[in-house]
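> Provided herewith is a single structure, encoded as structure tokens, for subsequent inquiry.
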Amino acid sequence: MSTKTHYEDLKQQIHEHNYRYHVLDAPIVSDLEFDRLLNELKQIEAEHPDWITADSPTLRAGAKPADRFIKVTHPAPILSLGNAFGADDARGWFERVCRIDDRVERARFVVEPKIDGLSVVLHYHDGIFVQGATRGNGEIGEDITANLRTVKSIPLRIPVDEKGPKPPKVLVIRGEAYMPIKEFEKLNRKRAEEGKPTYLNPRNTAAGSLRMLDPAETASRVLKLLVYQIVHCEGGKIPTSQWELLEYLKALGFPITDIARRFDDFEDAVAYTESWDKNRDELEYEADGMVIKIDDLNLAKDLGFVGKDPRGAIAFKFPAREVTTKLLDIKINVGRTGMLIPNAVLEPVEIGGVIVMRATLHNFDYIVQKDIRIGDRVLVKRAGEVIPYVIGPVLGARTGKEKKYKLPTNCPSCGQPVERLDDEVAFYCVNAACPAQLVRNVEHFVSRGAMDIVGMGTRIVEKLIETGKVKDIADIYYLKRADILEAVTKKERKTEKEPPGKIAENLLASIEASKSRPLARLVAALGIRGAGEVSAADLASHFADLDVLSKASAETLQQIAGIGPSVAESVAEWFSRPVNKNVIKKLKAAGVWPQGGSSANAKSRASNALEGKTFVITGTLPTWSRDDAKEFIESHGGKVTDSVSKKTSYLVLGEAPGSKYEKAKSLGVKIIGEEALKKLVG
């Protein structure tokens, strides 16, 4: 394909994507992929400026308005911004505008969030809201006045406060309408319960809601607005500083962002912008970046435009969290409890600097509800360190060649029939001898939060099971040096710095050391469904050893604080199985028999300084891992739980906390750091 033909093809693709995004509210590519196409077009036009025609997507914003709406001509162009992908790109923009006008070097900068919503234009005459429109193609939008009237954050009369400034006779405001993330999730839960298809993301849902033909339907959705620009005014004065403009809009009664900041130095503006990449989950709306604006609006205007992009501001885009790619297949993993877990095999795609080839599909009901088919183009999300997951199929990209997924009837590991419990969405392999379950069980047993057997990696575990040396978790304590040497693969022999003999000796020493782990760790290591670290600690504090615990009925277990009916049933059922009774017998014979009970726990404590206190840990602590902090708290008599409640005494806060931080604040729970935690015990 010639460069010219490719150029024309690129233009056509971008026009189609613009139409799908701005008119149909049903994009089939992610923002990242669209930006790449547009940047490629810009590069070609930079090399061949004589090819640029009036229909080039680089010369206008948005798409042609839909025919079903009355058209509105904007009093001034409603433009989009150029993009910066990282700090270096942002500095490149700064250097370019400095060369155009040296006043930029002394300018102030305002940083605001780049909300992923629907851009709207609001018209006020004599302070009365008279018309609202979409951006459309930047020159002509769609009249959605009736729908915008249902958005409660839009003032129908300004100023809202009689003491506020008197607005110009004609005032045209630009803002971003959005659906709060929590409201989006609530809406999707409701639709799922009603058996209706769920929506892909808040942006498309907000856009679709505002472009409904029935305003009553729009009114049933929770939508909000943040404003940031005055497009046009007549018969009055407005501020010439972006920072003062935001304050002016706020005084009139418009909602503005509360995270905007003004900076005297460009590098400070960049640093603040970058800080929101990892903190964007704190926002109630989806944000795909931040916008850096020159505060002096007259200077920004004097800088003019490049193509359709004003030079006075730049959109600093965060690494993409959502992209589209092809679903090649659906594979099943078998967990340590026998649960079958579906995973998506994807055409490799980059998300936030990481190449993603696999993603979770949650469960089989999710696949059915979303109608996810093999061969579909799917929307995939990855946020922070969270495992990537498939949001759903891009229906507009279907060709008819996609294949519906058939639910499993047999375990992919052992071939035995699978079962589905009445009150659960999961399928289970109930074959206790299933090889896949045994591998997962052993991996869990030796993990750091359980028996912490260092050196027993996945390949060694698989080899020990394959050779028949490990048939259950208790067999670990009967391994010989020769067994481990046989399990050390050729790959490990080449990559490990230590010789195989040393690897075997270290592993045997670690196995021996694990015999001294407390009863709570051993109970957690058994892999009983529902009995995690917290429940295991509760059980260990009430029973002297595994013999006593194994004889407790579900009714007795439920009497223990923190042990609910489902966990009690699961624990009692686990100990009732003959195969598990044999495991306990072998552990005892091997000397893996820690003592529990309140007296044993009290003897092992460093102090009782935290007796009766309940802690929750969130975020990354300065010097401790979460396990370190948990061990410290428990060694001084405290208790660590996973969720924040009114009974929580303290939230131990680290960097990049999750939702637990917000919940703790709302409940008035005391929030402390690592150093304050240490001081609690003197």
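> Scan segment 356-403 for residues that are among the acidic types (Asp, Glu) and within 18 Å of the chain's Cα centre (by Cα) and jot them down.
Residues of segment 356-403 that are among the acidic types (Asp, Glu), as a first pass: 365, 371, 376, 385, 402.
Residue satisfying the conditions is Glu385 alone.
> Can you tell me which residue among Leu283, Leu252 is more than 18 Å from Lys317 (Cβ to Cβ) and either free of Cβ contacts under 8 Å to residues at least 24 places away in the same chain or assigned by TED's automatic domain parsing to the domain that holds Gly312 (or both)? Break it down into steps so the answer makes sense when it comes.
Values: Leu283 fails: more than 18 Å from Lys317 (Cβ to Cβ).
Selected residue: Leu252, the only one of Leu283, Leu252 that is more than 18 Å from Lys317 (Cβ to Cβ) and either free of Cβ contacts under 8 Å to residues at least 24 places away in the same chain or assigned by TED's automatic domain parsing to the domain that holds Gly312 (or both).
> Also, I was wondering about something else. Considering only residues of segment 23-55 that are at pLDDT below 80 and within 25 Å of the chain's Cα centre (by Cα), which is surrounded by the most Cβ atoms within 10 Å (Cβ to Cβ)? Steps first, please.
As a first pass, look at segment 23-55 and keep what is at pLDDT below 80: 23-27, 31-32, 53-55.
Narrowing further to those that are within 25 Å of the chain's Cα centre (by Cα): 25-27, 31-32.
On the way: Asp25: 18, Ala26: 16, Pro27: 25, Asp31: 19, Leu32: 20.
My answer is Pro27.
> Tell me, which residue of segment 262-288 that is part of a strand (DSSP E or B) and over 23 Å from the mean Cα position of the chain (by Cα) is surrounded by the fewest Cβ atoms within 10 Å (Cβ to Cβ)? Write out each step before concluding.
Here is the first cut: in segment 262-288, the ones part of a strand (DSSP E or B) are 262-263, 287-288.
From what is left, the residues that are over 23 Å from the mean Cα position of the chain (by Cα) are 262-263.
Details: Arg262: 17, Phe263: 19.
The extreme case among them is Arg262.
Results for (1) surrounded by 21 or more Cβ atoms within 10 Å (Cβ to Cβ); (2) in contact with a helix residue (DSSP H, G or I) (Cβ under 9 Å, 6 or more places away or on another chain); (3) modelled with pLDDT under 90, shown as yes or no for each residue.
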site: Leu246; (1), (2), (3): yes, no, no
site: Ala260; (1), (2), (3): no, yes, no
site: Met290; (1), (2), (3): yes, yes, no
site: Asn298; (1), (2), (3): no, no, no
site: Asp302; (1), (2), (3): no, yes, no
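> How do the strands (runs of 3 or more DSSP E) wholly within segment 309-407 filter down when requiring 3 or more residues that are farther than 30 Å from Arg99 by Cβ and outside the structural domain of Thr458 (by TED's automatic domain parsing): which remain? Write out each step before concluding.
Working: elements: 313-317, 322-334, 340-351, 354-360, 377-381, 389-393.
Correct list: 322-334, 340-351, 354-360, 377-381, 389-393.
> For the list (1) assigned by TED's automatic domain parsing to the domain that holds Gly668; (2) surrounded by 12 or more Cβ atoms within 10 Å (Cβ to Cβ); (3) modelled with pLDDT under 90; (4) not polar (S, T, N, Q), I need the number of the one condition that Val616 fails.
(3)
> Let me ask another. Any idea which of Pro197, Pro159, Pro165 is surrounded by fewer than 19 Cβ atoms within 10 Å (Cβ to Cβ) and modelled with pLDDT under 80?
Only one candidate qualifies: Pro197.
> Moving on. Scan Val231, Val222, Val227, Val270 and give me the residue that is modelled with pLDDT of 90 or more, among the hydrophobic types (A, V, I, L, M, F, W, C), touching a helix residue (DSSP H, G or I) at 6+ places or on another chain (Cβ under 7 Å) and farther than 14 Å from Val111 by Cβ.
Details: Val231 fails: touching a helix residue (DSSP H, G or I) at 6+ places or on another chain (Cβ under 7 Å); Val222 fails: modelled with pLDDT of 90 or more; Val270 fails: farther than 14 Å from Val111 by Cβ.
It is Val227.
> Could you check how many residues of segment 411-462 are at pLDDT 90 or above and in contact with a strand residue (DSSP E or B) (Cβ under 6 Å, 6 or more places away or on another chain)?
2
> Another question, then. Regarding Ala524, is this residue surrounded by 15 or more Cβ atoms within 10 Å (Cβ to Cβ), in contact with a Leu (Cβ under 7 Å, 6 or more places away or on another chain) and small (Gly, Ala, Ser)? Reasoning before the result, please.
Numbers: surrounded by 15 or more Cβ atoms within 10 Å (Cβ to Cβ): yes; in contact with a Leu (Cβ under 7 Å, 6 or more places away or on another chain): no; small (Gly, Ala, Ser): yes.
No: the conditions fail for Ala524.
> Test Gly562 against the criterion of being closer than 27 Å to Met456 by Cα, assigned to a loop (DSSP other than H, G, I, E, B) and of a type outside the set (S, T, N, Q), and give yes or no. I'd like the intermediate steps shown before the answer.
On the way: closer than 27 Å to Met456 by Cα: no; assigned to a loop (DSSP other than H, G, I, E, B): yes; of a type outside the set (S, T, N, Q): yes.
No.
> With respect to Ala606, determine if the residue is modelled with pLDDT of 90 or more and in contact with a helix residue (DSSP H, G or I) (Cβ under 6 Å, 6 or more places away or on another chain).
Values: modelled with pLDDT of 90 or more: no; in contact with a helix residue (DSSP H, G or I) (Cβ under 6 Å, 6 or more places away or on another chain): yes.
In short, no.
For (1) surrounded by fewer than 15 Cβ atoms within 10 Å (Cβ to Cβ); (2) assigned by TED's automatic domain parsing to the domain that holds Val616; (3) out of contact with any Pro (no Cβ under 7 Å at 6 or more places or on another chain); (4) among the hydrophobic types (A, V, I, L, M, F, W, C), each residue gets a yes or a no:
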{"site": "Ile528", "(1), (2), (3), (4)": "no, no, yes, yes"}
{"site": "Asp538", "(1), (2), (3), (4)": "no, no, yes, no"}
{"site": "Ala561", "(1), (2), (3), (4)": "yes, no, yes, yes"}
{"site": "Ser566", "(1), (2), (3), (4)": "yes, no, yes, no"}
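> Cβ-Cβ distance below 8 Å, separation of 6 or more or different chains: which pairs start in segment 354-365 with a residue that is among the basic types (Lys, Arg) and end on one that is not in a loop (DSSP other than H, G, I, E, B)?
Partner pairs satisfying both residue conditions: Arg358/Asn343; Arg358/Ala344; Arg358/Val345; Arg358/Leu346.
> Out of Phe109, Phe85, report the one residue that is within 27 Å of the chain's Cα centre (by Cα) and of a type outside the set (Asp, Glu).
Values: Phe109 fails: within 27 Å of the chain's Cα centre (by Cα).
That would be Phe85, the only listed residue that is within 27 Å of the chain's Cα centre (by Cα) and of a type outside the set (Asp, Glu).
> Now, a different point. I'd like the residue in segment 112-142 that is surrounded by 23 or more Cβ atoms within 10 Å (Cβ to Cβ) and hydrophobic (A, V, I, L, M, F, W, C) and, out of all such residues, is nearest to Glu286 (Cα to Cα).
Ile115
> Let me confirm something: among Arg99, Arg174, which residue is more than 22 Å from Thr257 (Cα to Cα), at pLDDT 85 or above and either under 32 Å from the mean Cα position of the chain (by Cα) or not in a loop (DSSP other than H, G, I, E, B) (or both)? Give the derivation first.
Details: Arg174 fails: more than 22 Å from Thr257 (Cα to Cα).
Sole residue among the options that is more than 22 Å from Thr257 (Cα to Cα), at pLDDT 85 or above and either under 32 Å from the mean Cα position of the chain (by Cα) or not in a loop (DSSP other than H, G, I, E, B) (or both): Arg99.
> Is it the case that segment 417-432 has a residue that's of a type in the set (Phe, Trp, Tyr), out of contact with any helix residue (DSSP H, G or I) (no Cβ under 9 Å at 6 or more places or on another chain) and part of a strand (DSSP E or B)? Give the derivation first.
Step one: of segment 417-432, the residues of a type in the set (Phe, Trp, Tyr) are 427-428.
From what is left, the residues that are out of contact with any helix residue (DSSP H, G or I) (no Cβ under 9 Å at 6 or more places or on another chain) are 428.
Then keep just the ones that are part of a strand (DSSP E or B); that gives 428.
Checked against the condition, which is being of a type in the set (Phe, Trp, Tyr), out of contact with any helix residue (DSSP H, G or I) (no Cβ under 9 Å at 6 or more places or on another chain) and part of a strand (DSSP E or B), segment 417-432 yields at least one hit.
> Failed condition for Asp538, given (1) more than 23 Å from Arg448 (Cβ to Cβ); (2) in a helix (DSSP H, G or I); (3) of a type outside the set (Gly, Ala, Ser); (4) at pLDDT below 90, with all others met?
Result: Asp538 passes all but (1).
The values are calculated or read from the model by the stated rules, or taken from the named source; none is laboratory data. Small disclaimer: the values here were computed from a predicted structure and weren't measured. We place every Cβ from the backbone using ideal geometry, glycine too, and count neighbours over all the protein chains shown.
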